[in-house]
Every structure is written in C-alpha cells, then in structure tokens.
1. Filter region B:198-239 down to the residues that are of a type in the set (Lys, Arg) and at pLDDT below 95 and list them by number.
2. Among (1) in contact with a strand residue (DSSP E or B) (Cβ under 8 Å, 6 or more places away or on another chain); (2) within 24 Å of A:Glu214 (Cβ to Cβ), there is one condition A:Thr552 misses while meeting the rest; what is its number?
3. Here are some conditions: (1) touching a Leu at 6+ places or on another chain (Cβ under 9 Å); (2) surrounded by 22 or more Cβ atoms within 10 Å (Cβ to Cβ). A:Gly412 meets all but one. Which one does it not meet?
4. Quick check, is A:Val616 farther than 30 Å from A:Ala157 by Cβ and in contact (Cβ under 8 Å) with a residue 40 or more places away in the chain?
5. Which condition from (1) within 14 Å of chain A (Cβ to nearest Cβ); (2) surrounded by 15 or more Cβ atoms within 10 Å (Cβ to Cβ); (3) under 28 Å from A:Glu24 (Cα atoms) is the one that B:Leu79 breaks?
6. If you scan region A:527-548, which residues turn out to be buried (at least 17 other Cβ atoms within 10 Å of the Cβ) and either more than 19 Å from A:Pro44 (Cβ to Cβ) or not aromatic (Phe, Trp, Tyr) (or both)?
7. Do we find that A:Leu121 is in a helix (DSSP H, G or I), surrounded by fewer than 20 Cβ atoms within 10 Å (Cβ to Cβ) and assigned by TED's automatic domain parsing to the domain that holds A:Tyr20 in this structure?
8. Which of the residues that make up region A:19-55 are among the polar types (S, T, N, Q), over 17 Å from A:Thr257 (Cα atoms) and under 26 Å from the mean Cα position of the chain (by Cα)?
Amino acid sequence: MKKLAVDDSILLSVDKPARYIGSELNSVVKDKNKIDIRFAMCFPDVYEIGMSHLGIQILYDMFNRREDVWCERVYSPWTDMDRVMREKNIRLFALESQDPILDFDFLGITIQYEMCYTNILQILDLSGIPLHAQDRSDNCPIVIGGGPCAYNPEPLAPFFDMFYIGEGETQYNTLFDLYRKMKKEGKTRQEFLRQASHIPGIYVPSLYQVSYNEDGTLRQFMPLYDDVPARVKKQIVMDLTDAVYPEKPVVPYIKATQDRVVLEVQRGCIRGCRFCQAGMIYRPTRQRNVKVLEKHADSMLKSTGYEEINLSSLSTSDYTQLSGLVDYLVEKYGKEHINIALPSLRIDAFSLDIMSKVQDVRKSSLTFAPEAGSQRLRNIINKGLTEEDILGGAAQAFRGGWSHVKLYFMLGLPQENDDDRRDIAHLANKIAAVFYEEVPKEERHGKCQITVSTSFFVPKPFTPFQWAVMYSPGDYLGFAATVNHEIKAQLNHKSIKYNWHQAEETVLEGFLARGDRRCASVIEKVYRSGQIFDAWTECFHYENWLNAFDETGVDPDFYTKRPRSLDELLPWDFIDIGVSREFLKREWQHAMEGKVTPNCREQCSGCGARVFGGGVCYEGQI
Amino acid sequence: MKVRFKYSRQGELRFIGHLDIMRYFQKAMRRAGIDIRYSEGMSPHMIMSFALPLSVGQTSDCEYMDVELNTPISREEALSRLNSVMAEGIRVTDMIQVAEGKAGKAMSLVSAADYRVKIRDAEKTPEEYRHSWQQMLDHLGLFLTQSDIEVTKEGKDGLKNVNIRPLILDMHQEEDSLFLRVRAGSQANLKPGAAIRSCLDFLDLSMPEYILSVNREEVYADVSENGEHKLVPLGELGI
C-alpha cells in the first residue's frame, strides 16, 4: 500500500479527497531510483478541470514512454485543502508518488487561461519553490510554462525559468536529452538555461532585456547575449497522424468535466475569425488520417471503458473525413451504448445529418455561434456566417425535431454600435419565428427555447484584433443592458432567455492577455492578498485586483483602453508564430473596411504559415 | 441471467465515494467486455445493484453487486477478464448466479454486516488515543450489559433518540482489534462509527475516529426459518 502525502484526518475533512490520492486507472508508476528525470505536469486549476485537458494526457503519455523519465501530475489544491496545507506546512506533492514537487527536476505548467495566473503562484508557493526564478537554487525544479497563454508569456516572465512556445510533441525530447547530459556533467542551473535557450521554441525570459519609452510603451526587447536567439519560433507537429497519442488515458474516479474519450481529429482552423487566437496560433490546419483515428478510438474506448467519445477540434465540420469517421463509430459502437459527441459543428444540412445519426434529437440542444448580431459586424470579425445560413440551419433543425437552440455572441467588438447589439435580439426573435412557421402545432414538443449568451470580447495577442481597445466594466454592462432591453421588446421574447458574462473578469483577462513584464507585480500582489481561483465566481474578488493596481502603480487602462498604433512594439512580438505581423495588420485593415477574407480551403490569403511546409497550405498539391 | 459479483476494495480506494465506485464498475464492465443488460427508455444505463454503500474512509473484503448478463459467461472467464482491467486496490473475488426478480436483489436482502476496526497506524497515533482505544476494548462487556443504548440520530424530521442496543449483534475484542456485527440495510442500519462513538461516550473516553481503520468483512441476508433468524452471507445465496 502506498504512503499518502496527507493524513486520513485531513483527507476525510476536505471535499472530494479523491482529488489528492492518485491511483487512477492507467496512471503511471515507476521506480524513482531507476529514472533520471522526474517531471511534474501541472494544470493550475482544480483536479476535475485539469484532468479534462487533452494536452496533458498527450505529454504524460509521451514523456512516460521514455525509460529515463517519470512524468507525474499535480493540480491546484482546492481552497479547503490549500488552507490545511498552509496551516500544517504540508508541501505540495505529485499524485502518483505523493513525493514533494520540490524533489522533481521539472515542474511543467500548462497555461490555458489568464484567470489561472494567481493559481500558478499558489502552486509554486505550496511547493516551496521561490516565486521568482532569480531566487531559485540549483536543486529547485526547472519551472517551464506552455500552452496558449505562453504566446504572451511576459506578465508571467519573472515566475518561470523557461517557456515552451508551441506544441509539446516536438522539442521535449531534445530538452530532456540536454538536461540529462548537463545534470550528469554537474552543470549549474544557469548553464542549463543558457544552453536550453538554443533549442528552437524555448524562451528563457531571464536572458532578455526590456526597455520602455517615456510614454510607457515598449522600446526594445533583446537578448542579453549574442548566442541567445532574438526571435523564438513556435514549434508544431507537421505529421499529426504519426504523432504520439495516448492509447491509455488516465481515467479519474471522480467525474471530470470532460468525462469521455477525446479524439482530436485535427489541429488548427481554416476559418480565420479575426478575434480568435487559437485560429491563428495553431496554423496551419493539420488533419489526422481517418484510419489512424479509428484505431485510436478503438484502443482508447477499450482501455478506459468510457461510454462517450468526443470528436474534438476547433471546427469539426471542416475535418474532411468526418462523415466516414462517424459512420465507422456508429456502426461499431452504436449497439454498445457508446455516445458520440460532436461539439464545434457548423450548423448546416451536412452537420445536421451527421448529428441526427449520433444523437437523440429530443435530448440535445443545437448551438450556433454567430458571435455578432448584424451582418455588418459579422463581416468585420470575419465570421463567415450569413443570416441566411443561420435561419436556414435553424429551419432544418426545427424540422428535424430540435426545439432548443443556444446562441453565442460577443459584445464589445471593434466598430460595434448599439444597432449591432440590438440585432442580437432581432436575430434571436427571427429564429424563434422560424420555429413557429416551420413546425405545425401538433408536432411541437413543448415551446421553442432560445438561449442567448453573450461574453465580452477580449483582444488577444497574435490576432488581427490585437490592436483593439477595450471598455470599462460599466460600459460592458451597458452593452448587455441594451441587448436585454431589446430582447424584452421582441414578439417572441417569452421563448428567449438571455445570459451575460461577468464584466470585471473580462477587463482583468484583457489586462493579463496583453500585459508586459511590469504586470507581474500586480499578479504577485493579488496572490499575496490571499486570492486564488480567479476563474471561479465564488472565489473571485475584484477589490483585490483594484487594491493591487493602487499599490503597484500599474494602470490597467494603459493595457486595456489605450489605442495602440499599428507599428508599436508589442510585448509578444519576439515570438514567431509563422503567421506574419503583416498579415495581421492587413486583416485589421480589412476588418475596418468590413472586408471578408476567404477561408484557407477557398483561397490562400498568404498569412505566412506556409513556411511550416505542410497542412492545409499544401492540400491537393503533393 | 442474473449474477452477483463479490469484490474487495482496499488501500487508497477508501477515499472513493459510493457513486464514483458505481461509475467505476460501469466502465470496468465495458473494459472487460462483459455484456450487461441496459435499462429501457430515454437514457439507457447499465442495470446494476450494489448491496450496501461503503462509507468514505472504510475498506472492504466483501462488496456485492448484482447485474444481469445478456450473454452468459463462466465464473472463471468473468473473474479473469475483470481482474485484468481493475485498478490497483479492487479485486473481483467471486461470481455466483442468483434468482431472477426481487428475490435475488442484493440491496433489499441486506440485513447485517461484519466489521473489523483497529488503529490504522499505531506508530503515528498519540499515546493518549491508544490508551483510550485499549480502555474501550477492555470494557466492552460493561457497555453491552445495558439493555437500552440511546443515541441521537438526525432524521428527516429533525433529531430523534434511537435505541441501538438491538442493532448490535456482536461486539468483542480480538487481539488489538474490535469485531463488530451490526444490523445493516433498509430495515435497520447501524454504522460501525456510531457504535464506537456511543461506547466511547459511555466509558467517558475520547478519541478521533480517523485514527481507526474500518474494514467490512461480510454482508448478510436474513433467511428466517420457522421464525428463527438465520444470517447467510450474500455470496452464498446462489442458485
């Protein structure tokens, strides 16, 4: 029986003790005396969220295939456990071995959203690792960050030894080989970091120097030494089909958010929505071979026993072999009561046909994401979806038996005005009207239900909208009020339900997304005030952030509301994602002119991602 | 064909709740490729019936779960397939065929259960608590001579007093551990922790429950013959 890091008295006093014991099916246990590198892989949020993340499952599997590496997992202890650990001085531990994180060679943290930044400091602090990389001694783990937020790592720069820019499948083996060699040679932490900075995709923030202009904008960002690269190039897998994929994902005992097999059918998106960061940083779109996906599906369902499989990607309808894959799964697993989940479908005749094959129409709701209420604004954001598409899709769906439709929109987009906002209400009303026109009274199963949800737009690095201005929380709530008011005035208002997102969180997300190194002091201040789990409404306290702005003298408006000129040096400009700054500028200008850019399969727009030499850029050409 | 599986649950799996164990076995059955009947209707689910939920923190040598098989399978085959896909800490130890219908329903049959209770880790337990435990073991007789042992239970209609003496069928010391046989199931149920707490209170001793390990050793059905109660392990009620 293994020794747990925390006593029964504690585990029996906290919520969901299974979060802290490990021992899940398919988790990997090795003999720590027979390995060279111990890696703690962290998702800085609660277990059920972290366990739902595909990226960690992929890297966990890939790292553990190496005989010299043992990769374990660690998540943020929930607030009840956090409190006990601080009171009793219990060091944060990894789930598999229950050993302290401090004993590890690496602590890898995936950074998926801005509102987890205070949790990163919680992880470091509970582990006993100094918050600032410069204060760490040679026997501290190397703290490495990755994931989408690493594409602007600057607000977190002082807290990390290095960042990995891009997809983990590509350079970790090189990094491990280097580490093992230098550890054997007895080299110092500094020597290792310097060498690691030569590996493509590895960014070591302490090896770069930043200076600012008098107006507070960035003047210069440059390496301290000649051998350190001035630009860090994103690393991606060009052959997804043969890339590692976990055949035996870890299966949690408690219900995770993603309680199913996840089959990633492709990476990237051909669409080019101008607000979407994922659509840019994962370019070019790369598909997996359908035969290989079928094999992955088989082995994962067999090894986990899950009763659902999720075909995952940014836009699953654009996967060219979707129909064949779904047919295979329905044929093979339909009788075994295994459900096939298809999120991120564009609603058209083709998708509805596929959806009716895999799910019970009456149970499920349909989701459309028009993102903007008016055609004018949809053209500005390059959401290639017309009102005709939406109403036509809705009509077909209603005829097919669906009666519940969810609609997602954003508020606070560039160029947006009150008319665009009111058009959200009008569009919802038209969809409801389509229901009453299309479905005869005797065939209606209850009322039609339209749920409208709006989030507030946050400009993200490496998107055409990276230069956009944001608003204050009061303004955002005003936008939502306009929508709410207009919905109430619609003929079908009784069929429409409206939800909107928190405004204060939005502003902070925007501050952190486009922040620079000076923002780190704010994050640290907020953490020191006792704040963690900002992504959880019950834990989020805006006052702590306001106080931190006051105390550090950092002005959030500088980062959120200030108009940036197109030639301003941005904190993330040193990262090369393949998509050129020129393309982003051109797209920003097209947005201002309301000009639509075709998707990658219709016509290449010369974004720059061709340099990777594959994917959609070369489809049908080889 | 209706069958009853017996399994043990040890080690860290004491921290997994009952509902999660049910979800665990649904997945395990699919991994093992055991063809189980599903319910009819809008959202079909595997038909499974667990005899007696185990409290978080406790281990067990003897858990029972009834399922209906679409495709019959031998005991050896079922055990070998299931045990090749179990998580560490769970072993399936037996499978028997049981009567169809209500007569064979594990949950409604339960009448009593055996537990063994001892100090989990003597080295880490303060002297004071070890002393209390020994005192309690030494004076069980005194506690059990009472004909009426009142405890306050929280029910649906608020607090009420219950006499738990008739629910304690056996309670005696075996070396450094306590053996407990108590009524269990929907008719009358006594948790081992409640019996121990009551005994400690009676003897004016104090000690936290978390230092104890509680292991379930058997679950019984009451097979009355000529008005005489007879307890039979659920695993011996096969056809």
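The values are calculated or read from the model by the stated rules, or taken from the named source; none is laboratory data. Here the structure is a predicted model, which means the values were calculated and not measured. Quick reminder, even Gly has a Cβ in these numbers, built from the backbone with ideal geometry, and neighbours come from all protein chains shown.
1. B:Lys230
2. (1)
3. Against the list (1) touching a Leu at 6+ places or on another chain (Cβ under 9 Å); (2) surrounded by 22 or more Cβ atoms within 10 Å (Cβ to Cβ), A:Gly412 comes up short only on (1).
4. Against the criterion (farther than 30 Å from A:Ala157 by Cβ and in contact (Cβ under 8 Å) with a residue 40 or more places away in the chain), A:Val616 qualifies.
5. (1)
6. A:Gln531, A:Ile532, A:Asp534, A:Ala535, A:Asn544, A:Ala548
7. No; evaluated as a whole, the condition is false for this residue.
8. Selection gives A:Asn26, A:Ser27.
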